Amino acid sequence: MKSIEFKVKVMGDIPAHRLLVLGPVDSEGNRTVEVADSDAAADFVSVRNLTDGEFTTVTLRDGLQVWEVESNADLKKGTWVYVGPNGTIGHRTSISFEHVGYLLEDVKKGELAKVLRRESFASGWGLDVNARLADLESRVSSLEGGGSGGQV
């Protein structure tokens, strides 16, 4: 399994098993990481308690990932979960931004949930893919007789 590692500076005290986002570069030129909230797309998950100002290593692994994340609600396996308050996972709300993945087991509020990490189409990448698919469908439709009337 391939992996990539890089160092980041922790912004704020972060409990283990919380969703994180890659933050901005700080005034000293360091990449930062902070807790994700409901209007953010989760980039990582903390695997231990992190302290404000410490430097830590982020490891990105190739392939499917199962993240252990604290749940903020009772949830059933198979549920699409979203970033909730303070980097937890929960049900979609009107302000949920992006799917994190699917639950692999039932979980109670406050327990660690096993989440199969899956990208959603709510991100910019997903919107770009959707736009390209719509364009492709339009061109195929045109070639099948919806356009110039010619046959291919």
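The values are calculated or read from the model by the stated rules, or taken from the named source; none is laboratory data. Quick caveat: nothing in here was measured; it's all calculated off a predicted structure. No Cβ is skipped: glycine too gets one built from the backbone with ideal geometry, and neighbour counts run over all protein chains shown.
Summary of computed values
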| read-out | value |
| --- | --- |
| Number of the condition not met by Gly149 [criteria: (1) surrounded by fewer than 13 Cβ atoms within 10 Å (Cβ to Cβ); (2) of a type outside the set (Lys, Arg); (3) modelled with pLDDT of 90 or more; (4) more than 28 Å from Gly12 (Cα to Cα)] | (3) |
| Tally of residues being over 15 Å from Tyr82 (Cβ atoms), surrounded by 15 or more Cβ atoms within 10 Å (Cβ to Cβ) and not hydrophobic (A, V, I, L, M, F, W, C) across segment 10-29 | 2 |
| Val81 vs. criteria at pLDDT 95 or above and within 15 Å of Arg118 (Cβ to Cβ) | no |
| Residue check, Gly101 modelled with pLDDT of 65 or more, closer than 15 Å to Asp37 by Cβ, surrounded by 16 or more Cβ atoms within 10 Å (Cβ to Cβ) and under 15 Å from the mean Cα position of the chain (by Cα) | no |
| Total residues in segment 45-81, condition surrounded by 20 or more Cβ atoms within 10 Å (Cβ to Cβ), under 26 Å from Ile4 (Cβ atoms) and of a type outside the set (Gly, Ala, Ser) | 6 |
| Residues satisfying the stated conditions in segment 73-92, i.e. among the small types (Gly, Ala, Ser), in contact with a Phe, Trp or Tyr (Cβ under 9 Å, 6 or more places away or on another chain) and closer than 15 Å to Glu111 by Cβ | Gly90 |
| Test for Arg18: is it charged (D, E, K, R) and within 16 Å of the chain's Cα centre (by Cα) | yes |
| Selected residue (only one of Asn49, Asn72, Asn30 is in contact with a helix residue (DSSP H, G or I) (Cβ under 8 Å, 6 or more places away or on another chain) and without any contact (Cβ under 8 Å) to a residue 40 or more places away in the chain) | Asn72 |
| Ser46 being of a type in the set (Gly, Ala, Ser), within 14 Å of the chain's Cα centre (by Cα) and more than 15 Å from Arg117 (Cα to Cα) | no |
